[in-house]
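Take a look at the structure below.
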Amino acid sequence: MAQTVKPVQLNPSTVEAFEAYIREAEAGMELTLQGNGPFLWCDVSSERTQRVRQGKIVAQRWSGKEPVKVPDGLIHDWIGAAFALGTTVKETLALVQDYNNHKNIYKPEVIDSKLLGNHDKDFQIYLRLLKKKIITVVLDTYHDVHYSSLDATRCFCRSYTTRIDEVHDAGKPSEKALPPDTGYGFLWRLDSYWRFQERDGGVYVECRAISLTRDVPKGLGWIIEPIVRQLPGQSLTNTLTATRQALPSGAAQASLPAQCSSRIDDKSAPAAP
């Protein structure tokens with residue numbers, strides 16, 4: 001890979017465009033949290049709610065059919081929903097907040113996981129992530145996570161990456177973590193927004209994952225494009241699937257198919273709560 005794909009440095013203009021996108025997205029989210037619209041994305045469409053309630057995992061881009069182009073980068077905005085039968089919000093939060101165990105819940109995409117700090121509803125966590133599609137990339141990621149309860153049955157979670165280090169020769173004596181915002185740029189930023197609602201004899205779990213990657217250089221699309229364009233949707237589907245399977249009654253739903261708007265074959269790092 002080093003002979004064909006050159007390392008890049010994240011540009012300030014790329015970060016500024018991503019942060020502007022996040023501000024606009026969060027403004028829209030805040031409206032629904034205040035009751036101006038359905039709390040759950042799946043409830044925007046009764047047909048979608050029915051598919052999720054029947055046990056299917058539904059994921060798609062938030063809008064459009066392509067990532068959002070910004071200077072020297074791409075923004076990937078995906079939303080997905082799942083229903084976990086026979087569980088509660090309390091049990092669901094206990095699972096997703098068990099960060100030391102994420103390496104088992106979300107393997108093989110999560111290689112290692114640690115809770116670094118916790119105060120009330122705020123968590124600082126570390127995840128070593130594996131992204132695999134044609135090539136293999138390992139990333140050390142650090143996240144700030146905050147939970148807020150709207151009432152006894154509804155909860156909202158925001159997760160922001162505070163640092164992402166690309167790791168070369170992971171697991172070898174020569175292992176080396178590159179400085180933040182340098183490397184091949186397969187994941188620069190990842191902000192995830194989770195919603196949990198207990199009803200209908202289980203819990204609806206939704207995640208909107210907004211990530212920033214490098215753009216696709218001319219002539220290298222066959223290497224870069226499958227990673228930066230295809231993996232975000234599959235990552236989200238994998239994460240929702242693993243979350244549901246780890247909850248009570250999850251194994252009974254494991255055979256039900258996921259429904260994703262793009263055909264994506266390989267696994268990638270999850271949008272960790």
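The values are calculated or read from the model by the stated rules, or taken from the named source; none is laboratory data. All values derive from a computational prediction rather than experimental measurement. We place every Cβ from the backbone using ideal geometry, glycine too, and count neighbours over all the protein chains shown.
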Hey, among A2, A25, A17, A82, which residue is hydrophobic (A, V, I, L, M, F, W, C), over 20 Å from T161 (Cα atoms) and modelled with pLDDT of 95 or more?
A82
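Does the stretch 156-171 include one or more residues that are more than 21 Å from Q97 (Cβ to Cβ), crowded, with 22+ Cβ neighbours inside 10 Å, touching a residue at least 24 places away in the same chain (Cβ under 8 Å) and within 16 Å of the chain's Cα centre (by Cα)? Don't jump to the end; show me each part of the working.
Residues of the stretch 156-171 that are more than 21 Å from Q97 (Cβ to Cβ), as a first pass: 164-171.
Still in the running and crowded, with 22+ Cβ neighbours inside 10 Å: 164, 166.
When the remaining residues are screened for being touching a residue at least 24 places away in the same chain (Cβ under 8 Å), the result is 164, 166.
Within this subset, residues satisfying the condition of being within 16 Å of the chain's Cα centre (by Cα) are 164.
The answer is yes, given that some residue of the stretch 156-171 is more than 21 Å from Q97 (Cβ to Cβ), crowded, with 22+ Cβ neighbours inside 10 Å, touching a residue at least 24 places away in the same chain (Cβ under 8 Å) and within 16 Å of the chain's Cα centre (by Cα).
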Are any of the residues in the stretch 118-131 more than 19 Å from A209 (Cα to Cα), in a strand (DSSP E or B) and at pLDDT below 95?
no
Which of the residues belonging to the stretch 187-205 are outside any loop (DSSP other than H, G, I, E, B) and in contact with a helix residue (DSSP H, G or I) (Cβ under 7 Å, 6 or more places away or on another chain)?
R189, D191, Y193, F196, E198, V203, Y204, V205
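Given the options E175, E198, E206, name the one that is charged (D, E, K, R) and more than 26 Å from C42 (Cβ to Cβ). Let's see the steps before the verdict.
On the way: E198 fails: more than 26 Å from C42 (Cβ to Cβ); E206 fails: more than 26 Å from C42 (Cβ to Cβ).
From the options E175, E198, E206, the qualifying one is E175.
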Residues that are out of contact with any Gly (no Cβ under 8 Å at 6 or more places or on another chain), over 13 Å from Y21 (Cα atoms) and part of a loop (DSSP other than H, G, I, E, B), drawn from the stretch 64-98
G64, K65, E66, D72, T88, Q97, D98
Enumeration of residues in the stretch 50-90 that are more than 29 Å from S149 (Cα to Cα) and surrounded by fewer than 21 Cβ atoms within 10 Å (Cβ to Cβ):
G64, K65, E66, V68, K69, V70, P71, D72
Selection from the stretch 45-63 of residues that are in contact with a helix residue (DSSP H, G or I) (Cβ under 9 Å, 6 or more places away or on another chain) and under 14 Å from Y21 (Cβ atoms):
R61, W62
So if I check each of A242, A252, which one is modelled with pLDDT of 90 or more and either on the phi > 0 side of the Ramachandran plot or not in a loop (DSSP other than H, G, I, E, B) (or both)?
A242
What tally of residues in the stretch 101-119 results from selecting those that are surrounded by fewer than 16 Cβ atoms within 10 Å (Cβ to Cβ) and within 30 Å of G201 (Cβ to Cβ)?
3
Test T136 against the criterion of being polar (S, T, N, Q), touching a Leu at 6+ places or on another chain (Cβ under 9 Å) and closer than 30 Å to S46 by Cβ, and give yes or no.
no
Could you tell me whether the stretch 25-43 includes any residue that is under 26 Å from Y184 (Cβ atoms) and assigned to a strand (DSSP E or B)?
no
Of the residues in the stretch 99-114, how many are farther than 18 Å from L190 by Cβ and either part of a strand (DSSP E or B) or in contact with a Pro (Cβ under 8 Å, 6 or more places away or on another chain) (or both)?
0
In the set T88, T14, T32, which member is in contact (Cβ under 8 Å) with a residue 24 or more places away in the chain, more than 26 Å from R214 (Cα to Cα) and among the hydroxyl-bearing types (S, T, Y)?
T88
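Okay, residues lined up against (1) β-branched (V, I, T); (2) part of a strand (DSSP E or B); (3) modelled with pLDDT of 95 or more:
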site	(1), (2), (3)
Y142	no, yes, yes
C155	no, yes, yes
T161	yes, yes, yes
G185	no, no, no
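Conditions (1) within 25 Å of P71 (Cβ to Cβ); (2) at pLDDT 95 or above, marked per residue:
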site: I134; (1), (2): no, no
site: H168; (1), (2): no, no
site: P179; (1), (2): yes, no
site: E206; (1), (2): no, yes
site: W222; (1), (2): yes, no
In this structure, does T162 turn out to be among the polar types (S, T, N, Q) and under 24 Å from E19 (Cβ atoms)?
yes
